[in-house]
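The values are calculated or read from the model by the stated rules, or taken from the named source; none is laboratory data. All of these numbers come straight from a predicted model, not from anything done at the bench. Every residue, glycine as well, gets a Cβ built from its backbone with ideal geometry; the counts of neighbours run over all protein chains shown. Note: areas computed on protein heavy atoms with side chains; ligands, DNA, RNA excluded. Shrake-Rupley method; radii C 1.70, N 1.55, O 1.52, S 1.80 Å.
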Amino acid sequence: MADLRVVLKKYFGYDEFRSGQEQVINAILQKRDVLAIMPTGGGKSLCYQLPALVQPGLTLVVSPLIALMQDQVAALLNTGITATFLNSTLTTSERGDRIDGLLGGQFKLLYMAPETLFSDLITSLLGRLHTNLGIDAIAIDEAHCVSEWGHDFRAEYCQLSHLRDRFPQVPMVALTATATERVRADIMAQLGLRQPLVHLSSFDRPNLYYEVRTDRSFEHLVQQVRNSKGSGIIYGLTRKQVDAIAEKLTTNNLSALPYHGGLADGVRREHQERWLRDDVQVMVATIAFGMGINKPDVRFVIHYELAKNIEGYYQESGRAGRDGDPAHCTLYFALNDVETIKYFIKQKTDPQTGEPLELQQRIALQQLNQIIDYAEGSECRRATLLRYFNQEHGGNCGQCDRCCFPLIVKDWTVPAQKFLSCVARTQERFGIHYIIQILRGSRQERIRLLGHDRLSVYGIGQDLPPTTWRNLGRSLLHKGYVSCSDDGYGILRLNALSWQIMKKELPVMIGIPEPAPRSPRSRTSGPPLGEPADITLFEQLRALRKKLADQQKIPPYMIFADRTLLALSRTQPQTLDDFAKIPGVGERKLALYGTSFIEVIAAFQGLKTRKY
């Protein structure tokens with residue numbers, strides 16, 4: 001067996017593995033099934049790419065988007081790894097050539113979308129490949145798509161269990177950046193994983209700054225983009241909103257392009273490529289954009305409208321700062337966004353019968369309430385996100401608006417007692433919205449029919465506005481002072497702490513957002529890498545990288561990451577041997593680009609010497 005670190009350096013240019021990578025790789029090489037949950041930027045792809053290099057056969061990779069597989073294959077080819085894809089973008093001749101190459105053993109990795117896996121042609125091809133060459137592993141990227149409880153369920157992923165039936169001895173590797181405990185269990189069941197190694201990395205992304213803003217306007221958005229450095233993504237809920245934002249940014253002399261399903265395939269592809277190649281700064285998109293995008297140097301992600309759920313928001317915001325350097329994540333929040341998302345949820349119907357998919361609608365509504373909790377919550381944003389994934393965080397992260405601009409803590413014991421008493425007197429059968437209606441003395445017919453207008457708690461909360469009651473209820477949930485069912489209905493349940501509060505044994509000292517909270521102070525993402533040793537040389541290296549990338553029609557980050565350029569600007573190597581020691585420089589990239597970069601460094605040093 002080859003030394004894994006030698007292979008890592010040769011192809012990927014790094015001396016050490018990231019946390020968890022070596023453990024997952026060894027499990028794959030031992031022919032074990034694997035479920036790997038790693039945050040965006042955590043190095044999931046390398047976990048199956050490196051084993052493919054040291055095994056004799058072929059690794060099949062199931063990828064959800066054509067743009068994603070094309071991007072990954074291009075990056076692999078640039079590092080000297082033989083990979084290819086089969087999808088609908090290929091001509092008949094191109095498809096034939098690639099199939100011939102696969103049967104001839106020319107490739108180590110084959111990328112395919114789940115929709116195309118089970119055609120007669122591909123079924124026959126996979127059988128021949130397994131018989132003649134051997135399929136070493138089957139990697140399922142974005143594996144959360146297989147679960148109805150995940151944030152991006154896709155029906156076509158449900159067919160992937162057939163791969164296990166057809167190739168029972170081939171290890172299956174499921175990878176995703178986001179999965180709750182329920183989603184993880186669903187992935188293992190749906191894919192038929194057998195006693196898998198389950199690797200769960202920390203979900204914390206300490207380089208990301210999180211904030212929620214309520215001052216939504218085009219003027220604020222323009223100002224924020226203008227103050228931000230580097231590439232960015234702005235997400236909108238609708239195509240109309242995406243087009244409007246992109247146009248507004250352009251009229252304010254900011255380079256931006258739209259991306260959504262209403263654009264022709266060729267236009268979407270062109271816009272994405274221009275953004276990847278740093279020809280434009282901002283991509284304005286619906287959430288269909290970005291899954292698996294490998295661009296590491298995104299410095300800001302802005303959700304101009306409320307995200308649909310926490311898992312989606314975590315993954316979408318996580319497309320910032322994949323290189324580990326500082327990045328900024330902003331969520332704009334307005335209550336009318338909630339109605340827009342509810343409209344989308346109502347569209348979840350069976351494509352054959354047109355009947356509502358009640359389970360999926362119920363799950364989506366619960367997930368919507370959870371992202372509202374995040375937006376209106378009073379505690380550390382990072383703690384709220386991580387708790388969703390059952391990971392504890394002590395708060396006070398210093399990297400979110402709640403920690404940098406904390407709310408004023410007050411005694412909310414009496415309102416909390418009213419709230420919890422109402423939960424108790426309605427027999428723990430309702431959610432926050434209904435409890436607030438009773439406290440506020442609503443005259444809705446449902447309350448009258450159930451007799452809840454005769455409860456002692458009816459109307460005792462008219463002294464506080466609905467927004468404050470909603471924020472209090474969510475704060476009680478965040479603090480664990482009341483529980484919530486996870487069946488999609490969001491029913492409030494009392495716990496031991498609830499009863500302590502009602503018995504006056506536990507005071508409730510928390511910060512509650514005001515009905516119209518002040519906007520957090522604007523922060524920019526800051527310099528992507530801190531200060532280079534010499535900013536002039538660093539920019540010259542960036543210019544060379546862009547030139548070489550344009551010549552090859554690939555994104556600049558596929559040449560070298562910003563972190564590698566920073567190391568070059570600091571160490572200023574004069575020989576290829578010294579150049580090879582830089583992180584991110586593998587054998588192929590050394591041969592392709594080493595001389596050109598050394599020449600720029602030498603010219604810079606010569607000019608600098610002459611100045612003195």
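Of note:
- Label zone at N495 (point 7 Å along Cα-to-Cβ), backbone N below 12 Å, segment 437-477: 476-477
- Residues whose amide H comes within less than 5 Å of that of R213, counting only those at least five positions distant or on another chain, are L331, Y332, F333 (H built at 1.01 Å from N in the peptide plane).
- If you plug the beta carbon distance of E428 and Q462 into 1/(1 + (r/R0)^6) with R0 = 22 Å, you get a FRET efficiency near 0.40.
- Only protein atoms count toward the accessible area here, which uses a 1.4 Å probe; on segment 259-397, the carbon and sulfur part of that area reaches 45 percent.
- Take the Cα of R128, step 7 Å toward its Cβ, do the same at R154, and the gap between the two points is 2.6 nm.
- Electrostatic bookkeeping for F118 treats Lys and Arg as +1 and Asp and Glu as -1; over the other residues with beta carbon under 12 Å from its beta carbon, the sum is -3.
- Across K108/K546; K10/K546; K10/K108, pairs whose alpha-carbon gap is larger than 19 Å: K108/K546; K10/K546
- Across the chain, Cα pairs under 8 Å and at least six residues apart give a relative contact order of 15 percent.
- Per residue, the accessible area of segment 1-159 comes to 37 Å² when a 1.4 Å probe rolls over the protein heavy atoms.
- Crossing angle, helix 587-611 versus the chain [Cα axis fit, 0-90 degrees, rounded to tens]: 90
- Once the C-beta distance of T575 and Y343 is scaled by a Förster radius of 45 Å, the resulting FRET efficiency is 0.10 to the nearest 0.05.
- Normalised by the number of residues in segment 420-462, the mean separation of alpha-carbon contacts (under 8 Å, six or more apart) gives a relative contact order of 43 percent.
- Across the accessible surface of segment 1-61, with the other protein chains kept in place and a 1.4 Å probe, carbon and sulfur atoms take up 49 percent.
- Convex hull volume of the Cα atoms of the chain, normalised per residue: 176 Å³.
- Theoretical gain in end-to-end length, L200 to S93 [0.36 nm per residue, Cα-Cα removed]: 34.3 nm
- Per-residue [θ]222 nm for the chain (sum of -39500 (n - 2.57) over DSSP H runs n ≥ 4, rounded to 500): -13000 deg cm²/dmol
- A protection proxy built from the mean count of other Cβ atoms within 10 Å ranks the segments 35-45, 571-581, most packed first, as 35-45, 571-581.
- Over segment 321-478, the hull volume per residue, using the convex hull of the C-alpha atoms, is 171 Å³.
- Each peptide among 232-240, 393-401, 408-416 gets the average number of other Cβ atoms lying within 10 Å of its residues, and from highest to lowest they stand as 232-240, 393-401, 408-416.
- With the convex hull constructed from alpha-carbon coordinates only, segment 539-585 shows a mean projected area of 3.1 nm² over all directions.
- P(r) tail fraction, segment 76-179 - alpha-carbon pairs more than 24 Å apart, %: 27
- Residue-normalised accessible area of segment 276-384, given per residue in Å² at a 1.4 Å probe: 32
- Fraction of accessible area attributable to carbon and sulfur, segment 108-227 (%, probe 1.4 Å): 49
- Beta bridge orientation in the chain: antiparallel %, DSSP, nearest 5: 10
- Length gained on full extension, T250 to K546, computed as 0.36 nm times the residue gap minus the Cα-Cα distance: 104.3 nm.
- Cβ crowding within 10 Å averaged over residues, with 50-57, 536-543, 466-473 ranked highest first: 466-473, 50-57, 536-543
- At the residue level, K589 shows approximately 30 square angstrom of accessible surface with a 1.4 angstrom probe and all protein chains present.
- Amide hydrogen neighbours beyond the local backbone of V198, cut-off 5 Å, H modeled: L35
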